[in-house]
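Trainee: Just passing along the structure, written as structure tokens.
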Amino acid sequence: MSLREQSNPKLRVRGATKVYPTASGDLVAIDNCNLDIEAGQIVSIVGPSGCGKTTLLWSMSGLHSLSAGEVLIDGKPITGPSSEIGMVFQDANLLPWRNLDANIHFPFEIKHQKPDRDWIARLTHRVGLEGFGERFPRELSGGMQQRAALVRALSFKPSVLLMDEPFGALDAFTREEMNHLVEEIYLDTRTTIVLITHSIDEAIFLSDRVIVMSTRPGRVAKEYAVPFARPRSFEIMATKEVFDLTNAIKLDIVGEQKSKASTATRKLPQAAH
Ligand code: ADP
Ligand code: MG
């Protein structure tokens, strides 16, 4: 038996296909996607805009169902949202009329569950939001709102954290801070993380593996191992190995976009002369 067959992945995506019915016909967003993610790994998914990254992540979260195939967590099919899985989106999605504490406690109210206040206090301290519990979202910077979203996502102690371009709306400096924060939390908790990002630097800084998706319909086009030790210092990130890996991934994505553009051009009707 090969090592791969012996492994027991935390998350397993098998033949995942999602078709959206639209006014102009069926749209195949992802087609026969296969991906195994081991417990305690950080895996980034990159790829051209519209290739189905969000669709794939939503399938992993149980937020929507697949047209074919399945996603398994610890060997069991995901059929709906679960507190095993935390999510962070590009927008923090905080309720504007609730203060920070009340926002973090909101999911517990909905589920009629008692929050673990010690754990939430630890998380709040960890992300540097201690003392801000009474503040309203409008009183917090974008970075602080995303920190709160991170606390909310981790408050249920999920074993998997799914993030969809979580820092895409932040300035470069704040984004780098957030990357370090995620690395710190990861080193503390070893939570399995799947991250969608447009930033190759972010993907390489955080991940054990970077998955490049093809243009729509999305499937896994290529995968890169990121073998650098953690924490990933500035010195590590400035090495030629990181530089070369960054360029290889960028070239792959550009290649995907070009192949899409050339397919589109071939489909254009011949111009009349
Ligand atoms: P990405 O996150 O890679 O940008 P998405 O998963 O958001 O890609 O979308 C993949 C494709 O599916 C896109 O062409 C998008 O327009 C389409 N799509 C996404 N959600 C829906 C939906 N609810 N209904 C119809 N089409 C959708
Ligand atoms: Mg998306």
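Trainee: Can you compute the FRET efficiency between residue 8 and residue 122 using 1/(1 + (r/R0)^6), with r the Cβ-Cβ distance and R0 = 30 Å? Round to the nearest 0.05. Intermediate results must be reported in sequence, preceding the final value.
Mentor: On the way: r = 29 Å, r/R0 = 0.98.
FRET efficiency, residue 8 to residue 122: 0.55.
Trainee: Moving on to the next point. Over the residues of the chain, compute the C-alpha Rg and express it relative to 2.2 N^0.38 Å.
Mentor: Values: Rg = 19.8 Å, N = 273, 2.2 N^0.38 = 18.5 Å.
For the chain, the normalised Cα radius of gyration comes out at 1.07.
Trainee: When DSSP beta bridges are limited to those with both residues in the chain, what percentage is antiparallel, rounded to the nearest 5? Mind dumping the intermediate values first?
Mentor: Details: 21 of 39 bridges.
Roughly 55 percent of the beta bridges in the chain run antiparallel, per DSSP.
Trainee: Here's a follow-up. Write down the accessible area per residue of segment 91-157 in Å², having rolled a 1.4 Å probe over the full set of protein chains.
Mentor: Numbers: 3800 Å² over 67 residues.
Roughly 57 Å² per residue, with all protein chains present.
Trainee: Could I ask something else about it? log₁₀ I(q)/I(0) of segment 91-157 at q = 0.19, 0.20 Å⁻¹, via Debye over equal Cα point scatterers, no solvent, to two decimals?
Mentor: After summing over all Cα pairs, the log10 values are -0.64, -0.71.
Trainee: Something else: Using Cα positions and a limit of under 27 Å, work out the lysines in reach of residue 76, with same-chain residues fewer than 8 apart set aside.
Mentor: Leaving aside lysines fewer than 8 places away in the same chain, those within reach of residue 76 are 10, 18, 53, 111, 114, 157, 222.
Trainee: Tabulate in residue order the Karplus-calculated ³J(HN,Hα) for segment 115-127, using 6.51 cos²θ - 1.76 cosθ + 1.60 with θ = phi - 60°, rounded to whole Hz; enter x for Gly and Pro.
Mentor: Those phi angles translate into x, 7, 5, 5, 5, 5, 5, 4, 5, 4, 5, 4, 8 Hz.
Trainee: Using unit Cβ charges (K, R positive; D, E negative) and no other charged atoms, how large, in debye to the nearest 20, is the dipole of the chain about its Cα centre? Mind showing how you got there, number by number?
Mentor: Working: 32 positive and 33 negative charges, 142 e Å.
Dipole of the chain, to the nearest 20 debye: 680 debye.
Trainee: Let me ask something additional. Non-local amide H neighbours of residue 196 (under 5 Å, H modeled in plane, Pro and chain starts lacking H): which ones?
Mentor: Residues meeting the amide H criterion: 45, 163, 164, 165.
Trainee: Tell me which GluC sites (Glu not before Pro) from segment 122-213 have a DSSP coil assignment and no more than 13 other beta carbons within 10 Å of their own. Show your work: numbers first, answer last.
Mentor: Values: sites: 130, 134, 139, 176, 177, 183, 184, 202; in loops: 130, 134.
Filter output for segment 122-213: 130, 134.
Trainee: Quick query: amide H of residue 67 versus all other amide H atoms, modeled in the peptide plane; which residues come in under 5 Å with a sequence gap of 5 or more or a different chain?
Mentor: For residue 67, whose amide H was placed from the backbone, the distant partners under 5 Å are 17, 18, 19.
Trainee: Here's something else I'd like to know. Whole angstrom only: what separates the Cα centroid of segment 188-266 from the Cα centroid of segment 16-62?
Mentor: 16
Trainee: Okay, moving on. Measure off 7 Å from each Cα along the Cα-to-Cβ vector at residue 20 and residue 157, then give the distance between these two points in nanometres to one decimal.
Mentor: For residue 20 paired with residue 157, the spin-label model returns 3.7 nm.
Trainee: Using θ = phi - 60° and the Karplus relation 6.51 cos²θ - 1.76 cosθ + 1.60, list the HN-Hα couplings for segment 13-24 in order, rounded to whole Hz, with x at every Gly or Pro.
Mentor: So the J values, rounded to whole Hz, are 9, 10, x, 5, 9, 9, 10, 9, x, 10, 4, 9.
Trainee: Sticking with this one: Using modelled backbone amide H atoms (1.01 Å from N, in-plane), which distant-in-sequence or interchain residues come within less than 5 Å of residue 27's amide H?
Mentor: Amide H to amide H, under 5 Å and 5 or more residues apart or across chains, residue 27 pairs with 20, 22.
Trainee: With θ taken as phi - 60° and the coefficients 6.51, -1.76 and 1.60, list the Karplus ³J(HN,Hα) couplings across segment 44-59 in order, rounded to whole Hz; mark glycine and proline as x.
Mentor: Running phi through 6.51 cos²θ - 1.76 cosθ + 1.60 with θ = phi - 60° gives 9, 10, 10, x, x, 4, x, 7, x, 5, 5, 4, 5, 5, 5, 5 Hz.
The values are calculated or read from the model by the stated rules, or taken from the named source; none is laboratory data. These numbers were taken from a predicted model, which means no experiment stands behind them. Positions of Cβ are backbone-derived with ideal geometry, glycine not excepted, and every protein chain shown enters the neighbour counts. With ligands, DNA and RNA removed, areas are computed over all heavy atoms of the protein, side chains included. Shrake-Rupley method; radii C 1.70, N 1.55, O 1.52, S 1.80 Å.
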